[in-house]
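Scroll down for the structure; my scribbles are underneath it.
Where a number appears in this text, it was derived from the coordinates with a stated rule and is not lab data. Fair warning: this is a prediction, and the values are worked out from it, not measured in the lab.
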């Protein structure tokens with residue numbers, strides 16, 4: 001049974017560095033410097049890097065302290081059926097592939113449904129995409145390898161039924177199922193004008209968040225985590241530093257969110273906290289403008305963002321190297337604008353991304369709210385104020401941020 005597994009992606013984010021990206025750097029503004037050039041090309045982590053790893057052509061990954069759960073991940077190009085074949089143009093050939101469970105053919109069939117490519121055969125194609133069972137895994141497989149299904153009413157209805165199946169599971173299974181579904185829903189194009197598509201994602205995310213709060217953010221649930229007993233005089237920053245010395249990348253905000261702590265100053269001796277051992281990481285799907293925050297293979301948060309104009313944000317794996325509140329901004333012309341100046345476009349927070357080849361990239365707030373879900377920045381990720389505030393609090397220094405671009409409908 002084909003399933004998406006974010007555990008492999010989370011492990012890759014924590015232990016596997018992208019290399020061999022051949023392109024010129026993009027142009028981006030940051031508090032410290034700017035660079036100019038063009039966007040890098042590539043297939044993203046879900047393409048070449050992860051495919052090589054799964055095929056055994058990449059060096060083995062060092063095992064984390066507690067390995068995240070790993071299932072089988074079908075590697076698809078996102079715009080062609082499996083096996084490298086071209087998308088079928090004959091409805092009979094396509095339906096044979098769909099019936100065989102070819103994820104790429106299923107995705108192409110959903111593309112055909114969205115575009116009504118097969119005219120009078122439309123209803124026949126829709127019928128062929130009906131899942132063979134009511135369980136979540138079967139329904140997820142019937143959605144294909146990317147989010148083309150979201151671009152038709154029939155596909156959104158199929159997605160809604162899959163969501164219902166996911167949320168009918170016990171909390172620990174529902175969180176994993178919701179993570180898989182939302183990851184799939186963001187794999188591919190979602191434009192700012194695709195309001196029905198974004199609403200379908202938002203509905204799924206709101207339901208997923210209920211389970212996240214009950215399961216992931218429950219201090220008594222220590223799956224993929226360690227339990228820590230608060231000592232007299234402890235504070236969250238100090239606790240985070242203890243675990244950082246053990247190689248576990250967390251910060252006060254990470255621990256606070258995962259333990260439902262609203263006031264970090266009010267810890268009590270004897271209080272039990274969970275500290276995640278599974279890596280905290282982020283994935284940006286450029287084509288959908290979705291930034292996803294994971295703990296291991298479980299989706300903790302999803303944000304809509306803007307990114308680089310003319311695809312200036314490169315496909316690469318970055319590392320969070322600094323976080324700055326009330327940042328100054330160094331413009332591309334070299335002028336420095338202090339925090340609070342109207343010319344300063346960074347807002348209240350800046351998360352700086354590091355990379356051997358690219359500099360000047362990061363995530364920040366924006367006064368230009370209508371640029372969210374558009375390509376409009378100089379390369380950085382633009383976020384709503386509340387979203388960047390939360391991400392700044394949760395995402396630790398040293399975390400990986402993967403930028404990838406999955407193609408779906410055109």
> So how compact is region 82-212: Cα radius of gyration and Dmax in angstrom?
Replying inline: 14.5, 43
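Using the 2.2 N^0.38 Å rule of thumb for compact globular proteins, work out how region 135-249 stacks up: its C-alpha Rg over that value, please. If you can, show how the numbers build up before the last one.
On the way: Rg = 18.3 Å, N = 115, 2.2 N^0.38 = 13.4 Å.
That works out to 1.37 for region 135-249.
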> Taking a quarter of the surface of the convex hull around the Cα atoms of region 283-410, what do you get in nm²?
Replying inline: 8.0
>> Please list the three semi-axes, largest first and in whole Å, of the ellipsoid equivalent to region 200-287, using sqrt of 5 times the eigenvalues of its alpha carbon gyration tensor.
In response: 26, 16, 11
> Based on the Kirkwood radius over alpha-carbon pairs, what is the Stokes-Einstein translational diffusion coefficient of region 340-410 at 20 °C with 1.002 mPa s viscosity, in µm²/s?
Replying inline: 159
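How big is D for region 225-276, in µm² s⁻¹ as a whole number, if Stokes-Einstein is applied with the Kirkwood radius of its Cα pairs at 10 °C and 1.306 mPa s?
On the way: Rh = 10.8 Å.
Taking Rh from Cα pairs, D becomes 147 µm²/s.
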> Over the Cα atoms of region 230-339, what Rg and Dmax result, in angstrom?
Replying inline: 17.6, 54
